[in-house]
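Remarks on the structure that follows.
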Amino acid sequence: MPRQADPQLEQRILDAACRLWSRGGEKALTMRGVAKAAGTTTPTLYERYRDRDDILRALRIQTRTELFAALSRTQSLTHGCERYLEYALDHPHAYEVLFDGFAQPPSLHEPWPSFNLLRFRLAQRLGGTPRKHTRLMLSVWSLLHGTAMLLIRGDVAGPLRAQMFHACLDAVEAIIADAARSKSRTRSGPKWPATLVLGEAGESKVAYSKADSQSKPAIAKGGNHSTPGPANRLRGVRSTR
């Protein structure tokens with residue numbers, strides 16, 4: 001009798017990849033290691049995924065789909081932001097993989113459904129087209145993502161967790177309320193360039209001109225002070241979000 005396919009295998013593979021990445025980054029995320037952690041064989045794994053990049057792409061797609069589904073069930077921008085944080089905290093490993101190297105190909109040119117949904121809700125609230133509010137959406141997303149990562153990486157619990165969670169939502173609401181009141185907002189830095197398009201799949205790009213490069217924020221002497229955690233190490237392995 002032929003062996004029946006395991007309907008749960010692909011999910012076990014993606015779950016195993018999440019766990020390995022969170023524990024050891026690049027070095028832990030090998031095809032052999034994923035196969036062992038998923039309870040299958042390396043040849044069986046290769047039947048489903050070409051390589052590590054292929055596994056990570058499938059994981060990004062799954063996480064984006066789940067996050068978008070969670071946000072789609074909300075009725076307002078405020079509730080959407082709250083659900084965004086809840087999803088990130090409920091799925092910390094998948095969330096970290098999703099946003100590692102997010103501004104580089106291939107992730108840059110993949111759909112960003114949750115970003116677009118929140119930006120659309122922002123346009124509904126403030127008027128105008130979603131693209132008009134991309135810079136403001138970046139402010140909102142930076143607050144959400146920064147808070148999520150602090151809570152995840154800091155292993156924050158108890159009263160501090162609750163206070164950070166709601167402080168972020170209060171800050172988001174304050175930014176949006178200020179934008180609604182101000183017809184002409186004061187902005188630092190250069191005008192939003194036409195060469196910067198985010199969240200629109202094949203249309204997305206982050207190319208900048210020579211003039212743009214001269215206006216980039218200066219980096220303090222001593223170089224990049226980011227912590228060389230799994231996310232940073234993995235960025236050199238593949239170009240993903």
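The values are calculated or read from the model by the stated rules, or taken from the named source; none is laboratory data. Since the structure is predicted, the reported quantities are computational estimates derived from the model, not experimental observations. Every residue, glycine as well, gets a Cβ built from its backbone with ideal geometry; the counts of neighbours run over all protein chains shown.
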Thr134 assigned by TED's automatic domain parsing to the domain that holds Ala201, more than 23 Å from Met164 (Cβ to Cβ) and part of a helix (DSSP H, G or I): yes
Val156 assigned to a loop (DSSP other than H, G, I, E, B) and surrounded by 14 or more Cβ atoms within 10 Å (Cβ to Cβ): yes
Hits in the range 31-50 - residues which are loosely packed, with under 14 Cβ neighbours inside 10 Å and either of a type in the set (Lys, Arg) or under 15 Å from Cys18 (Cα atoms) (or both): Arg32, Gly39, Arg48, Arg50
Any hit, the range 40-50, residues being of a type in the set (A, V, I, L, M), assigned to a helix (DSSP H, G or I) and either closer than 23 Å to Pro92 by Cα or in contact with a strand residue (DSSP E or B) (Cβ under 9 Å, 6 or more places away or on another chain) (or both): no
Condition met for Phe68 (of a type in the set (Phe, Trp, Tyr) and in a loop (DSSP other than H, G, I, E, B)): no
Unique match (being part of a helix (DSSP H, G or I), basic (Lys, Arg) and closer than 26 Å to Met164 by Cα) among Arg60, Arg83, Arg32: Arg83
Condition met for Asp53 (touching a residue at least 40 places away in the same chain (Cβ under 8 Å) and surrounded by 18 or more Cβ atoms within 10 Å (Cβ to Cβ)): no
Qualifying residues in the range 74-92 (those that are touching a residue at least 60 places away in the same chain (Cβ under 8 Å) and closer than 17 Å to Met149 by Cα) - the one surrounded by the fewest Cβ atoms within 10 Å (Cβ to Cβ): Leu89
Number of positions in the range 86-131 that are outside any helix (DSSP H, G or I) and closer than 26 Å to Leu59 by Cβ: 12
Qualifying residue in the range 119-132 (condition: in contact with a helix residue (DSSP H, G or I) (Cβ under 9 Å, 6 or more places away or on another chain) and of a type in the set (Ser, Thr, Tyr)): yes
Matching residues, the range 93-133, being closer than 19 Å to Val197 by Cβ, surrounded by 19 or more Cβ atoms within 10 Å (Cβ to Cβ) and charged (D, E, K, R): Glu110, Arg119
